[in-house]
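Please treat every number below as a calculation from the coordinates, not as lab data. If you're wondering where the values come from, they're calculated on a predicted model, not measured in any experiment. Glycine gets a Cβ as well: all are built from the backbone with ideal geometry, and neighbour counts include every protein chain shown.
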Amino acid sequence: MDGGDAAKRLRVLVVEDESMVAMLMEDMLADIGHEVGAVASTLDAAMEQARTGSFDVAILDVNVDGKPSYSVAEVLASRGVPVVFATGYGSRAQDHRFATTPVLPKPFAVDSLRTVLSQFSSRS
């Protein structure tokens, strides 16, 4: 983040089953000044982090090893943790319960990530 930027540094949960994509997301988050609190590559690991971890926001791959990550989103939402879905399927494939949840279409660039997270980092 720029020195004059008043945006908050976010602690982010990343749920992504593709290791190269997860590493790229970690690098992008670091480049824009956010902290990766945890990376989960399975739904079981993601559920454990969702239940017990401390995060400002979570970025969830919609499809984790062939299964939807909506149950993880529900746990996070119940704890007041906002969610962003990352998907290559477009918002049409998104569950209607999460119709207002921000979506990062894959593949995405660092500017898209910065833009979607700015709505959370500007909170006090």
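Overview of results
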quantity	calculated
Any hit, segment 15-36, residues being in a strand (DSSP E or B) and in contact with a Gly (Cβ under 7 Å, 6 or more places away or on another chain)	no
Filter pass, VAL62 being farther than 11 Å from LEU13 by Cα and in contact with a Pro (Cβ under 7 Å, 6 or more places away or on another chain)	yes
Sole residue being more than 19 Å from SER121 (Cβ to Cβ), charged (D, E, K, R) and surrounded by fewer than 16 Cβ atoms within 10 Å (Cβ to Cβ), chosen from ASP31, ASP17, ASP95	ASP95
In segment 102-111, the residues that are surrounded by fewer than 15 Cβ atoms within 10 Å (Cβ to Cβ) and closer than 18 Å to VAL36 by Cα	ALA109, VAL110, ASP111
Scan of segment 105-124 for residues that are farther than 18 Å from ARG11 by Cβ and touching a helix residue (DSSP H, G or I) at 6+ places or on another chain (Cβ under 9 Å), ordered by number	PRO105, LYS106, PRO107, PHE108, ALA109, VAL110
Answer residue from segment 55-84, given it is β-branched (Val, Ile, Thr) and touching a residue at least 60 places away in the same chain (Cβ under 8 Å) and is surrounded by the fewest Cβ atoms within 10 Å (Cβ to Cβ) among those	VAL81
Subset tally (residues that are small (Gly, Ala, Ser), more than 18 Å from HIS96 (Cβ to Cβ) and in a helix (DSSP H, G or I)) for segment 48-76	1
Any hit, segment 108-115, residues being among the aromatic types (Phe, Trp, Tyr) and farther than 22 Å from SER19 by Cβ	no
Count of segment 37-53 residues which are of a type outside the set (Asp, Glu) and out of contact with any helix residue (DSSP H, G or I) (no Cβ under 7 Å at 6 or more places or on another chain)	6
Only listed residue being surrounded by 12 or more Cβ atoms within 10 Å (Cβ to Cβ), without any contact (Cβ under 8 Å) to a residue 40 or more places away in the chain and polar (S, T, N, Q), chosen from THR52, THR87	THR87
Meets criteria (within 11 Å of the chain's Cα centre (by Cα) and in a helix (DSSP H, G or I)) for ALA45	no
